[in-house]
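Undergrad: Handing you this structure, nothing more for now.
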Amino acid sequence: LLAPRWPVECEVIQERIEHIEWVPPKPEPFCPPMGPEQALDTLGEEQGTVVYHCSPVLQGSCFTRARVGGAPGPLSSPAAPLEGPQDTTLLFESRFESGNLQKAIKVGPYEYVLTLRPDLYTAKHTQWFYFRVQNTRQEPLYRFTIANMAKPKSLYGRGLQPLLYSQQDARSRGVGWRRVGTDVRYYRGGVGQPPAFRLSWTARFPHDGDTCFFAACYPYTYSDLQRYLRALAADPARSRFCAVQALCRSLAGNTVYLLTITSPGGTAGKRAVVASARVHPSESGGSWAMRGFLDFLLSAHADAQLLRRLFVFKVVPMLNPDGVVVGNSRCSLAGRDPNRAYGMALAGSFPGVWHLRAMVQRVLAEREVVLYCDFHGHSRKNNAFMYGCDDGRDSAGTRLRQRVFPLMLSRNAPDKFSFASCKFQVQKSKEGTGRVSMWRLGVSHSYTLEVAFSGSTLGVRSSHFTVKDLESLGPLLCDTLLDFCDPAPAKLQWCLGEADVLLQRQMGHELGSGGSWSDVSPSELESSTSGSDSSVSDG
């Protein structure tokens, strides 16, 4: 387990950034949505003072080489020095693993305009933020505005709040990440092209002189994964049925790990299940759901033991470690979205997805792959939900079966998973995704699991997801797998019938009124939607 490797252009501070895990004792409700603010077209350096500026000087338009610790030599000082103990200017920092903040401009005594760094070797994909602030004051109300968000719509416009972490609270009270922010607004800023969007919020810090962090979602870094794997390898009970190996190396030389989980004593007659996560670095909620999945599979629970007896699990918990390390939103160091590259024969440019696809081909030559699930996060739709594969060419029975697994999951997780939000259309622009690529290889049930950056609106809930909520999706997925593969046909038949009724209703047809959903294409079945969480510029 080697230290993370960074592009040589990236400065990295030596401090080790770690956070305690904590679950709020009460649900954290969404904040009341606010209307868009009146945008100021030229709110920038001329209106204030640059107090932090950290932008790697890239040696060309593409990645060249990497090393542990990033840029050699002494670190620069991107933060403006304080003028004395009475100076209330915040000290910003983002040169740590998964950090992202490019610039901070002080435009008022307690007001800052922030700029995010685009994904390395691109000029776009600004969504993920994760940065540190020091020299805090408890009394003032601070306002932060991120001025270059990329997406025209966001859950920040529907009640999502940023996350705050206080080191003083973590040490003295055992309190970790929590939702903060009032007057949260998401709106278009200016009239330039391409358009930029702004996220604005106000917040108070809990202590004077504290060290705090803001983040878009609960961070889960490459080092977090390595610590998890180190603990797994040191556990004699769990390591008996879990082998950890290198699937490949990333462009920067970071290991893409492959876990093989099954009961000892051979794999003859077992079907396979393949799962992956974190092809998009900003979607850290997918890593927490993946951790819950692994925790359950590796536990002594009777259902986990049964799953290990029935299946061989092939799990890649972090497909894009380079993007996670450097704090990208969407891309790898190739400067492209690797979840659009499964159809390209480019092992040298997209090693993680290329080797995952090749591994699945090898497994398919030996045994049936009953399920592929790729864990993602979503910034524009609440709840958890799935994307599946239905191109309208198969029989009605096959098309119904595509919908059974998500429907079962919605019944097992009624307060978190929304079947109504699931989509099954195979769009041409999604042919290069993991979901569609695995389906084309012959994995008949291939899904993207999307987990909202925000939380759940289902049932009586209207609150943010906690880490515990995200992790709980893993065991729920395992329960659904057992239901789906139950040799007794009752559950499957009931769900097939329910899916048929739901699709008839979706078409506006009452049972027995003539006409059938099976006569129409998936695009007609589903309301128009942009589908995945791809940014507006991905196409």
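Undergrad: Let's test the formula: R0 of 45 Å, r as the Cβ-Cβ distance of Thr88 and Arg65. What FRET efficiency results, to the nearest 0.05?
TA: 0.65
Undergrad: Throw me the Rg/Rh for segment 317-448, computed over C-alpha atoms with Kirkwood Rh, two decimals. It would help to have the intermediate numbers written out before the result.
TA: Working: Rg = 15.4 Å, Rh = 15.9 Å.
Rounded to two decimals, Rg/Rh equals 0.97.
Undergrad: Can you give the extra length, in nm with one decimal, that the chain gains between Ala420 and Val520 once fully stretched, where that is 0.36 nm per residue apart less the Cα-Cα distance?
TA: Full-extension gain reported as 34.2 nm.
Undergrad: Taking a 1.4 Å probe, which of Val460, Val501, Val404 shows the most accessible area, and what order do the others take after it?
TA: Highest to lowest solvent-accessible surface, that is Val460, Val501, Val404.
Undergrad: What full-extension length gain, to one decimal in nm, is calculated for Ser429 and Ser299 as 0.36 nm per residue of separation minus the Cα-Cα distance?
TA: On the way: separation 130, 0.36 × 130 = 46.80 nm, distance 3.89 nm.
Answer, rounded to one decimal: 42.9 nm.
Undergrad: With r defined as the distance between the Cβ atoms of Met359 and Arg16 and R0 fixed at 30 Å, what FRET efficiency is calculated, to the nearest 0.05? Mind dumping the intermediate values first?
TA: Details: r = 33 Å, r/R0 = 1.09.
With R0 = 30 Å, the Cβ-Cβ based efficiency is 0.35.
Undergrad: Further question on the same structure: Sort 155-163, 360-368, 313-321 by packing, meaning the average of other beta carbons within 10 Å per residue, with the highest value first.
TA: So the order, starting with the most tightly packed, is 313-321, 155-163, 360-368.
Undergrad: Can you tell me the FRET efficiency between Lys491 and Leu75 if r is taken as the Cβ-Cβ distance and R0 is 60 Å, rounded to the nearest 0.05? Can you show the working numbers first?
TA: Details: r = 58 Å, r/R0 = 0.97.
Plugging the Cβ-Cβ distance into 1/(1 + (r/R0)^6) gives 0.55.
Undergrad: Also, quick follow-up: So what does Leu116 come to for accessible area, using a 1.4 Å probe and Å² rounded to 10?
TA: Approximately 0 Å² for this residue.
Undergrad: Would you tell me the accessible area of Lys381, worked out with a 1.4 angstrom probe on the heavy atoms of the protein chains, in Å² to the nearest 10?
TA: Estimated to the nearest 10 Å², Lys381 gives 40 Å².
Undergrad: Moving to a separate point now. Roughly how many Å² of Asp295 are accessible to a 1.4 Å probe, to the nearest 10?
TA: For Asp295, solvent-accessible area is about 60 Å².
Undergrad: As a test, work out the antiparallel percent of DSSP beta bridges whose residues both lie in the chain, rounded to the nearest 5.
TA: Taking every DSSP beta bridge with both residues in the chain, the antiparallel ones total about 70 percent.
Undergrad: Just checking my list (1) 25.1; (2) 24.3; (3) 28.8 against Kirkwood radius over Cα pairs in Å computed from this structure; which label fits?
TA: Among (1) 25.1; (2) 24.3; (3) 28.8, the one calculated here is (2).
Undergrad: With viscosity set to 1.002 mPa s and temperature to 20 °C, compute the Stokes-Einstein D of segment 222-495, Rh being the Kirkwood radius across alpha carbon pairs; µm²/s, no decimals.
TA: Numbers: Rh = 18.8 Å.
The diffusion coefficient I find is 114 µm²/s.
Undergrad: Here's another thing I want to ask about it. Quick one: angle between helix 351-366 and the longest Cα principal axis of the chain, in degrees between 0 and 90, rounded to 10, please.
TA: The two axes meet at around 10 degrees.
Undergrad: Sticking with this one: Add -39500 (n - 2.57) for each DSSP H run of 4 or more in the chain, then divide by its residues: what number comes out at 222 nm, to the nearest 500 deg cm²/dmol?
TA: My calculation for the chain gives -7500 deg cm²/dmol from helical runs alone.
Undergrad: Averaging sequence separations of C-alpha pairs under 8 Å and six or more residues apart, then dividing by the length of the chain, give the relative contact order as a whole percent.
TA: Working: 1169 pairs, mean separation 78.5, N = 539.
Computed over the chain, the figure is 15 percent.
Undergrad: If the chain between Glu139 and Arg188 were fully stretched, how many nm would it gain, using 0.36 nm times the residue separation less the Cα-Cα distance?
TA: Separation in residues times 0.36 nm, less the Cα-Cα distance, equals 14.6 nm.
The values are calculated or read from the model by the stated rules, or taken from the named source; none is laboratory data. This one's a predicted model, so the numbers in the text were calculated from it and none came from an experiment. Here Cβ is always computed from backbone atoms with ideal geometry, including for glycine, and neighbour counts include all displayed protein chains. SASA here: full protein model, heavy atoms, side chains in, ligands and nucleic acids out. Shrake-Rupley method; radii C 1.70, N 1.55, O 1.52, S 1.80 Å.
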